[in-house]
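**Q** First, the structure itself, so that you have it in front of you.
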Amino acid sequence: MNRIRRLVFLRYSFGIILGLFFLLAPVFADPNSPEKRDDGLVVISRNPPKGEHRPDQYLTMILKTGYACDPKGKAGLTVLTNELLINFFNETSALKFSYETYADFSIFNFLIAHGSFEKFCVELDSIIRMDALLVYDLLNERIQAHQNIPQFPGTVAAAQLDDLLFGRDHPYSQALRENYRNLIINDVNNWFRQSYRPNNLIISSSLPLPKDFLRKPAGRDFLEKVSSEIPSVQCRPIPEVKFTENHDQTSSIFLGIPFPSLKNEGFFASILLKNYLSEELWREIREKEGLCYDLQVSYSYLPESSAPVLRIHFQTLPKDTGTGIIKVISVLKKIAASGVPEEDLARVFKWEKNQVDTENNPLLRSTVDRALLALFEQTWLSDSTQYLERLNKVTQEDFLKILSEKLGSLKISVAGPAGARESLKGIYQEIISLRKADK
Amino acid sequence: MRFLRLIALMMLITVSLIPVSSEAANLSYQSKILPNGIRFVYRVLPQVKTAAARVIIPTGYLDEPRQSRGISHLLEHAVYRGNEKYSARDFHNLIYDQGGTFNGLTTLNRTEFSLEVPSTNLISGLTVYLDLILNPGLAEPDLRLEKNIINVERTLSGAGVNAFFLYFNEITQQQFDSSVSSISRESLLQYHQDHYKTGLLTVIVTGSFNPDQVIKFLASLPKNSVSDEQSNFWLSHENTGNVVLNDYLLGEKYQLLLGYDLKGLSEDKGSLTVAKTLPFILDESRLYDYLKDRPLDYQVFLSRIADRYYLVFVYRDCREHYSLELNNWHQKNMQRFFKYLKTNSFDKFLKWRSQSLENQLETLEMDPAALNMFYARTLFEPSAMTVEDIKAMRSVSSKEIKAFVQKYLDGKNYQKVVVKAL
C-alpha cells in the first residue's frame, strides 16, 4: 500500500512540475528569440520591465520582398506598392515612420505614442488585411511623379556599375531601371495580395502585440507561401571600366568591389575596412589633393544582402577623373599589400564602439536589430557585446585575405563630359597591374 | 442612497466630458547673453548620451562685398584646414575618435559650424572648434585646395542649378555669383576680422551636458568689439521682369520658378501664420490636370530675404521642353491653386496637420542634433514654422486664407525665372 501511495505521489508531483514548467516557460524564455506562428508570421516582442514609464514605443515590420523580387518586365513594382501603402500608414496613429525598399526585403520602422500602441496595431492589422489597394488616382500620381525624376549622371554611373557587378539582367541591376509606365493598378493589387501575407512578414515590437494581430479572417489567401528566388550573381573576376559621356560639368565616379555577406566570416573585417577607407580616402583625395567635395564609402550588406558591394563614390572636375581613380586604387593596393596600420585599426574599432555606447535611442535600435536577427538568424545582430567582440577579433590577415580575393574584381564606372575620357587613359596601367596581381 | 448614486453619476459624466489633452511639445530653450557678447542658447536633455553644438556667425551670401562673392563660403571651408595650434587632422581625429560628427554650412544670412559628440567630450570638442573658428590659419596652399573643392561643389549634380537661388540671384543682381578664385588671403583675413566676433556669435547647445561648464568656457573667450556694420546687401525691388537662362540641367528639360513678392506681410503679423500654412495646404492638395495627365507637383515654400517675404512655386520638368503652351499651363495652374485656396475648407486638415506636426516636434527631444537645427532655424529664419505657429495653425480659418489670397496673390505680378537645359 505504501508503495502504491508513493507511486501515485510521484506521478502527481511529476504532473505538477510539468504543468509548472509549461506555465512558467514564457517567463524564462529568451526575449530575443523570434517566435514563428502557425500562420508563418515571425514575431519578436519585448516584454517591458514592470514599472517602466516611457512615452515612446516602436514597431519594425520587415516584408521579405524587395525590388529584386519584382517580376520580369515589372521593375518598380515593389517600390510602387510600398509607396502606396505609405499613404495608409500616414493615416495611422504612428507619430513618425521611415521605410526602405532594399533588394531582398523592405523595412518599415514606426514610432508610436505609448498610449496609442494597441490602436496602431489594430490599424496596421487592417491595412495588411486589405483585399486591395483601391487607390487608382494615387497610383497614377506616383507613376507620373516617377516619370518626372531626372536621370542624373550619378544615376547613370551607378546603374552602369550595377551592370558590371551583377550583370545587366540580374534583378539587382533593376534598382535604377524601373519603368513605371509598365505598371497598372492590377499589377499593384496582385503584388500587394501576394506579398503582404503573415508568412512573408516579420514584426518586432517594443511591446507585446495584441493576441489577435493578423488572426482575423482576411478576404484573400493568407496561407500560400510567398516565394522569391533571386538568382546568384555572376560577377566576372576581372577588373573592368566603363565610361559614358554625358553633358555635365563634373565626372561622377563609382568604384565597386563584391564584398562578403553578413553571414560570411569576412563580414567583420569588411565593416572595419569600410570605415578605414572612408577616412583614408577622404584624407588622400579631398584633404591632400582637393579633388572632390564629397566622398562616400558604403557597404551594402543590408540593401543587397545576397551580394553586398563595397562602393566608393565621388565627383571631380573632368581633368581630375583619372587622378582621383588612381588615388583610390593605390590606397586599395596598399591595404592589399600591408593591411591597415594598427593605430588606424584601433581608431576605427573605437569609432564602432562609440556608436554603440552613445546610442541615444537604444529601444528603437534594439527593435530594429531584433527584426534583422529574425531575418538573418545571426545572434550578434541584437547583441552589441557580441558584435564588438567579433570586431575586436579581426586581424590583418583578414584584411589581406578579403582584398587579395576581391580586388581583382574591381569595377569602375564613370559618367562625365568628353574631357573626362581623356583623363581616364592614365588608369589603364593600374587596371592591368590589378589583373597581373590577380594572376 | 439614491442621492449618492446620482452624485456619483454626475461626477462620472463630468469626468468623461473633460477633454483629454495631449501634452504639447515643450521645446522651450534657455538663452543668455554673456559678458563677451556671445548669445548662448541651450536646452538640457538628461535622457540622451550626446550633446550637439552649433556656432552661428550671422553673415552669409547676402553680406558679401560684390568683389568677393563666395567669401563666406570659402571662409567656412578654410576653418577646417586648421591653424598653428591644431591641424586639420587634429580636429578631425579628436571628433572621430569620440564617435562624433561635425559639419559646416553657409546660407543667405549666416554661417554655421555644427558638432555632435558624447556628452563627456563637449568641452574639449568646443574648445578646439572655437579656436579654429576664431583663429583660422588660412594658409595659402590650403586656400588653393579649398577653392578647387568649392568649384566642384558648385557644379555638383542637382546643386549646380537651383531655380530658387537663380531667382534670388536675379533680384539681388547676381549676389550669388562666385568669384572665389580671385579672393586673396588678405581679403579673407579682413572679412574674418570684420564678422567673426564673439559679440556677434550665437552658440546653441542641446543634449546632455552641464550648462554652467559651457557658460564658463564661452565666457572665457576674448571679447571683440562690434562696430556698426553696413550690410553690403541691397535688394532691387523694382526688377520684376521675367528671366530666361540656360544652364546645365541634369536630366531635366527646364526648371521654372514663379515668385510672389508678398509686399507688406512683414507688417501684417496676423497674416504671417496664414502664409506659413499655405505650403502645407498646397503640398497636400494633390491637384491633378487630367487633360494633360500631370500632377501639379510644384515645390511651394515661403522665403524671406531682407525685410520681404516671397511665396515661391518651383516646377521641374523632365519630359517636355519649355514652350509658350507650357508657359500658359503654368499660369493657369497658379489660378487653379488660388481658386483651390479660396473655395475649399481646410479646418479639419489644419487641425490634423497641426497635431501631426506637434507629434513630430515631441520626437525632437530624443535627438539633440535635430533639436539643435530646429532652434537654429527658429532663431534665424523668420519664415520657419515655430512651435507657436504650429499651435496657431489649427485656428487658421478658411475665411482668413481666402482674404490672404485676395490681398497678396490674386491678380498680382510675379517674378518668373525659366532655366532651360543647355
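**Q** Would you work out the relative contact order for segment B:32-146, in percent, from Cα pairs under 8 angstrom that are 6 or more residues apart? Could you put the intermediate results ahead of the total?
**A** On the way: 150 pairs, mean separation 38.4, N = 115.
RCO, segment B:32-146: 33 percent.
**Q** Starting from the Cα-Cα distance between A:Lys263 and A:Thr395, subtract it from 0.36 nm times their residue separation and give me the gain in nm to one decimal.
**A** Numbers: separation 132, 0.36 × 132 = 47.52 nm, distance 1.81 nm.
Net length gain for the segment: 45.7 nm.
**Q** So for B:Arg286, B:Arg394, what's the accessible-area order with a 1.4 Å probe, most first?
**A** Values: B:Arg286 115, B:Arg394 85 Å².
So the residues, ranked largest to smallest area, are B:Arg286, B:Arg394.
**Q** Another question, if that's okay. Using a probe of 1.4 angstrom, how much of the accessible area of segment B:348-422 is carbon and sulfur, in percent? Write out the running numbers ahead of the final one.
**A** Numbers: 1850 of 3420 Å².
That fraction is 54 percent.
**Q** Quick one: net charge around A:Val241, please, counting Lys, Arg +1 and Asp, Glu -1 for every other residue with C-beta under 13 Å from its C-beta. All intermediate terms of the calculation are to be shown ahead of the outcome.
**A** Numbers: positive: A:Arg236, A:Lys242, A:Lys411, A:Arg421, A:Lys425, A:Arg435; negative: A:Asp163, A:Glu240, A:Glu430.
Counting the neighbours of A:Val241, the net charge comes to +3.
**Q** If all Cα-Cα distances of segment A:109-206 are sorted into 5 Å bins from 0 onward, what percent lands in each bin, rounded to whole numbers?
**A** Per 5 Å bin, starting at zero, the Cα-Cα P(r) for segment A:109-206 comes out as 2, 10, 14, 14, 15, 17, 14, 9, 4, 1, 0 percent.
**Q** Turning to a different aspect of this structure: Once you have the alpha carbon radius of gyration of chain B, what is it after dividing by 2.2 N^0.38 Å, with N set to its residue count?
**A** 1.14
**Q** Using θ = phi - 60° and the Karplus relation 6.51 cos²θ - 1.76 cosθ + 1.60, list the HN-Hα couplings for segment B:204-209 in order, rounded to whole Hz, with x at every Gly or Pro.
**A** Listing the rounded values in order: 10, 10, 9, x, 9, 6 Hz.
**Q** Counting only heavy atoms of the protein chains, get the accessible area per residue of chain A (1.4 Å probe) and round it to a whole Å² value.
**A** Numbers: 20640 Å² over 439 residues.
Value for chain A: 47 Å² per residue.
**Q** Just the number please: accessible area per residue for segment B:252-323, 1.4 Å probe, all protein chains included, in Å². Can you show the working numbers first?
**A** Working: 2750 Å² over 72 residues.
The answer is 38 Å² per residue.
**Q** Also: Going toward the positive end of the dipole of segment B:293-392, with +1 on Lys and Arg Cβ and -1 on Asp and Glu Cβ, which of B:Tyr322, B:Leu296, B:Gln335 do you reach last?
**A** Most positive-ward Cα: B:Gln335.
**Q** For the full complex of protein chains and a 1.4 angstrom probe, list A:Trp191, A:Trp282 by accessible area with the highest value first.
**A** Working: A:Trp191 25, A:Trp282 70 Å².
I get A:Trp282, A:Trp191, largest accessible area first.
**Q** Could you rank B:Met385, B:Met393 by how accessible they are, 1.4 Å probe, largest area first? Display every interim value, and only then the final one.
**A** Details: B:Met385 35, B:Met393 0 Å².
Sorted by accessible area, descending: B:Met385, B:Met393.
**Q** Here is a follow-up. Assigning unit charges at the beta carbon (Lys, Arg +1; Asp, Glu -1) and nothing else, what dipole magnitude in debye, to the nearest 20, does chain B show about its Cα centre?
**A** 1380
**Q** Kindly write out, for segment B:309-326 in residue order, the coupling ³J(HN,Hα) from the Karplus curve 6.51 cos²θ - 1.76 cosθ + 1.60 (θ = phi - 60°), rounded to whole Hz, with x marking Gly and Pro.
**A** Per-residue couplings from phi come out as 9, 10, 9, 10, 10, 10, 10, 10, 10, 9, 10, 10, 6, 5, 8, 5, 4, 5 Hz.
**Q** What is the distance in Å between the Cα centroid of segment A:340-400 and that of segment B:352-422?
**A** 40
**Q** Give the Kirkwood hydrodynamic radius (Å, one decimal) of segment A:50-186, defined as one over the mean of 1/r across all pairs of different Cα atoms.
**A** Numbers: mean 1/r = 0.0596 Å⁻¹.
Averaging 1/r across every pair of different Cα atoms and inverting gives 16.8 Å.
**Q** Further question on the same structure: Suppose each label sits 7 Å from its Cα in the direction of the beta carbon; what would the B:Asn224-B:Asn36 distance come out to in nanometres?
**A** Simple spin-label model gives 1.1 nm for this pair.
**Q** Same structure, new question: Just going by the charge dipole of the protein assembly as shown, with Lys and Arg at +1 and Asp and Glu at -1 on Cβ, which of B:Ala275, A:Leu375, A:Leu434 is farthest out on the positive end?
**A** Of the options given, the answer is A:Leu375.
**Q** Name the shape class, rounded, prolate or oblate, that the alpha-carbon gyration tensor gives for segment B:98-224, where a ≥ b ≥ c are the square roots of its eigenvalues, rounded holds for a/c under 1.5, and otherwise prolate holds if a/b is larger than b/c and oblate otherwise. Kindly include the intermediate steps, with their values, before the conclusion.
**A** Working: a/c = 1.94, a/b = 1.68, b/c = 1.15.
Prolate, since a/c reaches 1.5 and a/b exceeds b/c.
**Q** Another question, if that's okay. Which value, in debye to the nearest 20, gives the size of the charge dipole of segment A:295-408 about its Cα centre, when Lys and Arg are +1 and Asp and Glu are -1 at the Cβ?
**A** Values: 14 positive and 15 negative charges, 86 e Å.
Dipole magnitude for segment A:295-408 comes out near 420 debye.
**Q** Find out how many positive minus negative residues lie around B:Val244, taking Lys and Arg as positive, Asp and Glu as negative, among other residues whose Cβ is under 13 Å from that of B:Val244.
**A** Values: positive: B:Lys416, B:Lys420; negative: B:Glu170, B:Asp247.
Charge balance in the 13 Å sphere: 0.
**Q** Of all DSSP beta bridges located in the protein assembly as shown, what percent are antiparallel, nearest 5? Each step should come with its number before you reach the end.
**A** Working: 88 of 109 bridges.
Taking every DSSP beta bridge within the protein assembly as shown, about 80 percent pair in antiparallel fashion.
**Q** In addition: Which pairs in the list A:Lys288/A:Lys319; A:Lys242/A:Lys334; A:Lys333/A:Lys401; A:Lys74/A:Lys263; B:Lys351/B:Lys402 are over 20 Å apart, alpha-carbon to alpha-carbon?
**A** Working: A:Lys288/A:Lys319 17 Å; A:Lys242/A:Lys334 24 Å; A:Lys333/A:Lys401 13 Å; A:Lys74/A:Lys263 30 Å; B:Lys351/B:Lys402 18 Å.
Pairs exceeding 20 Å: A:Lys242/A:Lys334; A:Lys74/A:Lys263.
**Q** While we're here: If you average over every viewing direction, what projected area does the convex hull of the Cα atoms of segment A:311-408 give, in nm²? Walk me through the numbers on the way to the answer.
**A** Working: hull surface 35.2 nm².
Approximately 8.8 nm², given one-decimal rounding.
**Q** What percentage of all Cα-Cα pairs in segment B:245-358 are separated by more than 26 Å? Can you show the working numbers first?
**A** Numbers: 1773 of 6441 pairs.
Result: 28 percent of Cα pairs exceed 26 Å.
**Q** Can you tally the net charge around B:Val48? Count Lys and Arg as +1, Asp and Glu as -1, for every other residue whose Cβ sits under 14 Å from the Cβ of B:Val48.
**A** Values: positive: A:Arg54, A:Arg365, B:Arg43, B:Lys49; negative: A:Asp56, A:Asp357, A:Glu359, B:Glu116, B:Glu365, B:Asp367.
Within the 14 Å Cβ shell, the charges total -2.
**Q** Please list the helices of chain A that count as membrane-span-like by this rule: a mean Kyte-Doolittle hydropathy of at least 0.5 together with Cα atoms stretching 30 Å or more along the helix axis, each helix being a complete DSSP H run.
**A** On the way: long enough: A:2-28 (37 Å, 1.28).
Qualifying helices, which must be both long enough and hydrophobic enough, are A:2-28.
**Q** Per residue of B:133-143, count partner chain C-beta atoms within 10 Å of its C-beta, then hand back the mean as an integer. Don't jump to the answer; show the numbers that get you there.
**A** Details: counts 0, 0, 0, 0, 0, 0, 0, 0, 1, 2, 0.
Average neighbour count from other chains, rounded to a whole number: 0.
**Q** How big is the B/A interface in buried accessible area, both sides summed, 1.4 Å probe, to the nearest 100 Å²? Can you show the working numbers first?
**A** Working: alone 21590 and 22850 Å², together 40000 Å².
So the buried area, both faces added, is about 4400 Å².
**Q** Please report the carbon-and-sulfur percent of the accessible area for chain A; probe 1.4 Å, protein heavy atoms only, DNA, RNA and ligands left out.
**A** Numbers: 11120 of 20640 Å².
Whole-percent figure for carbon plus sulfur exposure: 54.
**Q** Placing +1 at every Lys and Arg Cβ and -1 at every Asp and Glu Cβ, with all other atoms neutral, what dipole size does segment A:55-167 have around its Cα centre, in debye to the nearest 20?
**A** Details: 7 positive and 14 negative charges, 21 e Å.
For this selection, approximately 100 debye.
**Q** Shape verdict for segment B:41-85, please, from the Cα gyration tensor: rounded (a/c under 1.5), prolate (a/b greater than b/c) or oblate. Let's see the in-between values first.
**A** Numbers: a/c = 4.29, a/b = 1.92, b/c = 2.23.
Verdict is oblate for segment B:41-85.
**Q** In the calculated pair distance distribution of the protein assembly as shown, what percentage of Cα-Cα distances lie above 36 Å?
**A** Working: 209751 of 370230 pairs.
Value for the protein assembly as shown (Cα pairs over 36 Å): 57 percent.
**Q** Could you work out what % of the accessible surface of segment B:104-166 is carbon and sulfur, using a 1.4 angstrom probe and leaving DNA, RNA and ligands out of the count?
**A** Values: 1090 of 2030 Å².
Within segment B:104-166, the accessible surface is 54 percent carbon and sulfur.
**Q** Can I ask one more? What's the average, rounded to a whole number, of partner chain beta-carbon atoms within 10 Å of each residue's beta-carbon in A:353-364? Let's see the in-between values first.
**A** Details: counts 1, 9, 1, 1, 3, 12, 4, 12, 6, 1, 1, 1.
Across the residues of A:353-364, the mean count of other-chain Cβ atoms within 10 Å is 4.
The values are calculated or read from the model by the stated rules, or taken from the named source; none is laboratory data. Since we're looking at a predicted model, the values are computed, not measured. Positions of Cβ are generated from backbone atoms using ideal geometry, with glycine treated the same way; all protein chains shown enter the neighbour counts. When the accessible area is computed, the model is the full protein with side chains, heavy atoms only, and any ligands, DNA or RNA have been set aside. Shrake-Rupley method; radii C 1.70, N 1.55, O 1.52, S 1.80 Å.
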